[in-house]
Amino acid sequence: MDRRDFLKQTGFGALAATGAKAAAPAVSLAVARDAVTASAPVEWALGELRARVNVREGTPLRIEVAGRAGGAAQSFALRPAAGGVSVTAPDAAGMVYALLELAGRAGQEKFGITAPVVESPANRVRSVARFFVSDVEDKPWYNDRDFWRAYLTSLAANRFNRFNLTFGIGYDFARQIRDCYFHFPYPFLMDVKGYKVRARGLPDEERDSNFAMLKFIAKETVARGLEFHLALWTHAYVWEASPNANYVIDGLTPETQAPYCRDALTRILAEVPEISGLTFRVHGESGVPEGSYDFWKTLFLAAKGSGRRISLDLHAKGIDRTMIDTALSTGLPVSVSPKFMAEHMGLPYQQAGIRELEMPPKEQRTGFFALSSGARSFMRYSYGDLFDEQRRYGVMFRIWPGTQRLLLWGDPEFAAAYGKAFQFCGATGVEWCEPLSFKGRKGGGLPGGRTGYADASLAPKYDFEKYEYTYRVFGRGLYNPATVPAAATPAEKALASASRILPLITSAHGASAANNNYWPEMYWNMSLVDPKAKHPYGDSPQPRVFGTVSPFDPEMFASVVEYVEGKSGVKYTPLEVAEWLERLADAALAGEAPRASAIDIRITAGIGQFFAAKFRAAVAYQQGDVDGAIAQYRKAREAWARLANTAKGVYRPDVTFGYDYQLRGHWLDRLAGIDEDIARLEKLSARPPRVTPPAGHRAAWQCRHTPPAGFRAGAPVQVTLTVAGASPVLRYRHVNQVERFAAMPMTGADGSFQATIPGEFTKSPYPLQYYFELRGGDGFGMYPGLGERLADQPYFVIRQA
């Protein structure tokens, strides 16, 4: 298929069995007898290598495989040796990566090892989550043993080290339930002795088969050197306002809920010994009221009593210290997993600020969501206050699938930057909600496969195969950002440019933090002029129109209204974002790629062109230039029509990531909403007053700055900057999202400036975060900024010594 043609153009190693046995090189294979090579995952990986080569004793080309003492966990080395290649690693995971890398290089002379290849992981956790949310679309892959063998092999080859099978995440609340297969997972897996709990209508044979498959999946995962985690996001068992639910849970009461869940989980852990970690949603959307610590104490007893070091991963939304301490009291490893850039994928850095909507409300909240909607609301969509330097828990980020769900993604430079971003302040890494996450959720599942293709010639055998390049660049970027090869071929360069478009839109324009409202890939148009026009963006500032939408990072980006009113300061403006989007779209469209990839590239480029023109239309409208706004809006409409027609006949008329209108349909469907809003603009009887465009331009200054190596709490921190022709202001805060940045003008002369962060401010448990605001003449800017390629962290961080 042309997908393979695209992969063959890449500069990476093992690309999922593109070679043929007939072309396999003849080699002799010498495997030392040691604890590393004797492990089951290494035995499996040696089998994968043997399938790619012809092993013949005495053959001059020799592969020597041996464990070695020392070195970072999961590292490996491939070195030229006399007549061949030496393969060493300190543990099973590293050896698996080495052998699969070698297998992928089997078509190259001497495996392409002309100099030592020494690799070690930058992120301790590199996890992939696969969601079960649809009985229609997910049962086929769940029950397909050949799928699991191929899929898990791909994860291992791409150097992910954890797989998280995720149940119970299809709904935010236990109401309006339609498809609830595995939503409250236990009765879909087993009968628990002492309870008469079941999913009404589910045959016992199917339930028992589900549990057998869970055991198979876990075994196959660890056989490849991956950790196997199980995510249990829902502990609700009563569906409210759900007359169309396909299953109902019988046999539970409020009094038996916690002990039943504990005993069910105890059985799972006993019969699936491969489970090494559990993920829990611990806020109100779990079905358990916030503040119900006794429920979680009871449930955690299952892990504590397992006799294993089961790690507990707690979803961060609404979490408080009491909940964290409840988990820590088990004596087990605990991590807290905040969302990266709300429920989306923004630019590759941790956002410098959160939307005002997520700041804690002034009034105290009570009820089911007392914490996540109240005093702990700032934990909803970012890391909040988790980076206490004295913390006894790990912090692992999670990339939610709001931005990138369906279309192909692959940018090596961004992948490397994400790999750095998830090391932020000692974080352990990231869990990535893979492409097609939430496909068919909330009863929106349709038969015919998950990829959404109407053109059967484009559909791969297994859904993940469409995204092999995505898994490759992301996995390699997370493993070692320093060694990800740059995009080199025309296809790679085109896809890399396209892959920056949606993250940029996401960072600059946060219409809704919720992934089930805001889907920029198939955007539901938001009106420029009428807040009463139909839209799903209920968590956007009022009046809810395009121009008032907050960026997801309001410290770095300005909204349309903020820019027009002259309040954007040195932030990146909507017009700058529009220029970047146009440039990226042009670069994406300039390259050639195989058909399946080219279609997704053209669609993504069209989305960039649409938003570029709509940002310009919104600015013109807010400035009172209605004619200019109409012209730009029509340009946006033309871009959307082009991309929609590109998708016509390629993707199905109804691509479903949910039951609601904004989560399903086709790009062609969205044209009507765009046309309606252009008509509103044309019929305006009262036009807004003319506003003078803000003065000034973004200037480029040469800056020199070396961040302090560290600091002691309570001691002042001096910050220096060398810059000619600008007056700098230091903007700083603690690494705590509930705070806003403070500003301090810097003093100095002859281009050398200083500012001192007072000791009273550094007397806190948090690292410090800062950047420089620059002004000179009619120019403005910030340092370090996002960089020309939008891949840099736009601030500095210093940790406590």
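Using modelled backbone amide H atoms (1.01 Å from N, in-plane), which distant-in-sequence or interchain residues come within less than 5 Å of residue 81's amide H?
Those lying under 5 Å, H to H, from residue 81 are 86.
Classify the stretch 222-368 as rounded, prolate or oblate, taking a ≥ b ≥ c as the square roots of the eigenvalues of its Cα gyration tensor: rounded when a/c is under 1.5, otherwise prolate if a/b is larger than b/c and oblate if not. Each step should come with its number before you reach the end.
Working: a/c = 1.58, a/b = 1.17, b/c = 1.35.
It comes out oblate by the Cα gyration axes.
Taking +1 at the Cβ of each Lys and Arg and -1 at the Cβ of each Asp and Glu, which of 333, 526, 37 sits farthest along the dipole of the chain towards its positive end, judged by Cα position relative to the Cα centre?
37
5 Å is the cut-off here: which amide hydrogens, built 1.01 Å from N in the peptide plane, fall below it relative to residue 335, excluding neighbours closer than 5 in sequence?
Amide H to amide H, under 5 Å and 5 or more residues apart or across chains, residue 335 pairs with 312, 313, 314, 394.
Among residues other than residue 267 whose Cβ falls under 11 Å from its Cβ, what is the net charge (Lys/Arg +1, Asp/Glu -1)?
Neighbour charge sum, excluding residue 267 itself: -1.
Treating cross-link reach as a plain straight distance, find the lysines whose alpha-carbon is under 20 Å from the alpha-carbon of residue 683, omitting any fewer than eight places away in the same chain.
532, 534, 614, 635
Kindly provide the pair-distance distribution of the chain built from C-alpha pairs, with 10 Å bins from 0 and whole-percent values in order of increasing distance.
All Cα pairs considered, the percentages come to 2, 13, 22, 25, 21, 12, 4, 1, 0.
Which value, in Å², gives the accessible area per residue of the stretch 253-317 when a 1.4 Å probe is used on the protein heavy atoms?
Numbers: 2180 Å² over 65 residues.
With the other protein chains kept in place, the stretch 253-317 gives 34 Å² per residue.
Would you mind getting the accessible area per residue of the stretch 502-570, heavy atoms of the protein chains only, 1.4 Å probe, in Å²?
25
At a Cα cut-off below 25 Å, give the lysines reachable from residue 763, other chains included and same-chain residues fewer than 8 away excluded.
Once the sequence-local lysines are set aside, nothing remains near residue 763.
Sorted by packing (mean other beta-carbon atoms within 10 Å per residue), highest first, where do 670-681, 504-515, 192-203 land?
Per-residue mean Cβ counts within 10 Å order the peptides as 504-515, 670-681, 192-203.
What ³J(HN,Hα) values, in whole Hz, does the Karplus curve 6.51 cos²θ - 1.76 cosθ + 1.60 give for the stretch 455-465 when θ = phi - 60°, with x put for Gly and Pro?
8, 4, 5, 8, 7, x, 4, 10, 4, 5, 5
Given the alpha-carbon gyration tensor of the stretch 714-801, what are the semi-axes of its equivalent ellipsoid in whole angstrom, ordered largest first, with each equal to the square root of 5 times an eigenvalue?
Taking √(5λ) for each Cα gyration eigenvalue gives 23, 17, 11 Å.
What net charge is computed for the residues neighbouring residue 653, neighbours being all others with C-beta under 14 Å from the C-beta of residue 653, Lys and Arg scored +1, Asp and Glu -1?
Summing Lys and Arg as +1 and Asp and Glu as -1 gives +1.
At 222 nm, what helix-only mean residue ellipticity would the chain give, in deg cm²/dmol to the nearest 500, using -39500 (n - 2.57) for each DSSP H run of four or more?
Result for the chain: -9500 deg cm²/dmol, rounded to the nearest 500.
Sequence neighbours fewer than 8 away in the same chain don't count; with that in mind, list the lysines whose C-alpha is under 19 Å from residue 461.
Residue 461 reaches 8, 139, 439.
Can you find, among 507, 710, 80, the residue farthest towards the positive end of the dipole of the chain? Put +1 on the C-beta of Lys and Arg, -1 on that of Asp and Glu.
The residue sitting most towards the positive pole is 80.
Towards the positive end of the charge dipole of the stretch 739-789, with charges on Cβ (+1 Lys, Arg; -1 Asp, Glu), say which of 742, 761, 779 has the farthest Cα.
Farthest along the dipole direction, towards plus: 761.
Sorted by average packing, counted as other Cβ atoms within 10 angstrom per residue and highest first, what order do 264-276, 392-404 take?
Those peptides, ordered most packed to least, come out 392-404, 264-276.
Separation of the stretch 616-665 and the stretch 49-74 by C-alpha centroid, Å?
The two parts, judged by their Cα centres, are 54 Å apart.
Explain nothing, just the number: dipole magnitude of the stretch 154-240 about its Cα centre with +1 on each Lys and Arg Cβ and -1 on each Asp and Glu Cβ, in debye rounded to the nearest 20.
Numbers: 12 positive and 10 negative charges, 38 e Å.
That gives a dipole near 180 debye.
Which value, in debye to the nearest 20, describes the size of the charge dipole of the stretch 391-522 about its Cα centre when Lys and Arg Cβ atoms bear +1, Asp and Glu Cβ atoms bear -1, and nothing else is charged?
440
Give, rounded to the nearest 20 debye, the magnitude of the charge dipole that the chain has about its Cα centre when Lys and Arg contribute +1 at Cβ and Asp and Glu contribute -1 at Cβ.
In debye, rounded to 20, the chain gives about 660.
How high is the FRET efficiency between residue 789 and residue 173 when r is their beta carbon distance and R₀ equals 41 Å, given to the nearest 0.05?
Efficiency, from the Cβ-Cβ distance: 0.50.
Residue by residue, what Karplus-based ³J(HN,Hα) values in Hz, rounded to whole numbers, does the stretch 332-339 have, using 6.51, -1.76 and 1.60 with θ = phi - 60° and x for Gly and Pro?
Whole-Hz 3J(HN,Hα) from phi for the stretch 332-339: 8, x, 10, 10, 10, 10, x, 6.
Protein chains only, probe 1.4 Å: how do 304, 683, 567, 614 rank by accessible area, largest first?
683, 567, 304, 614
Based on the mean of other Cβ atoms within 10 Å per residue, sort peptides 143-151, 358-366 so the most packed one is first. Working shown, then result.
Values: 143-151: 15.4, 358-366: 12.3.
Those peptides, ordered most packed to least, come out 143-151, 358-366.
Amide H to amide H, which residues 5 or more places from residue 55 or on other chains are under 5 Å from it, using H placed in the peptide plane?
Answer set, sorted by chain and number: 27.
If you take every residue apart from residue 205 with its C-beta less than 15 Å away from the C-beta of residue 205, what net charge results, scoring Lys and Arg +1 and Asp and Glu -1?
Numbers: positive: 139, 198, 207; negative: 191, 204, 206, 208.
Once all neighbours under 15 Å are counted, the net charge is -1.
The values are calculated or read from the model by the stated rules, or taken from the named source; none is laboratory data. This structure is a prediction, so every number in the text was calculated from the model and none was measured. As a convention, Cβ positions derive from the backbone with ideal geometry for all residues, glycine included, and neighbour counts pool all protein chains shown. Ligands, DNA and RNA are stripped out before the accessible areas are found, and what is left, the full protein with its side chains, is counted by its heavy atoms. Shrake-Rupley method; radii C 1.70, N 1.55, O 1.52, S 1.80 Å.
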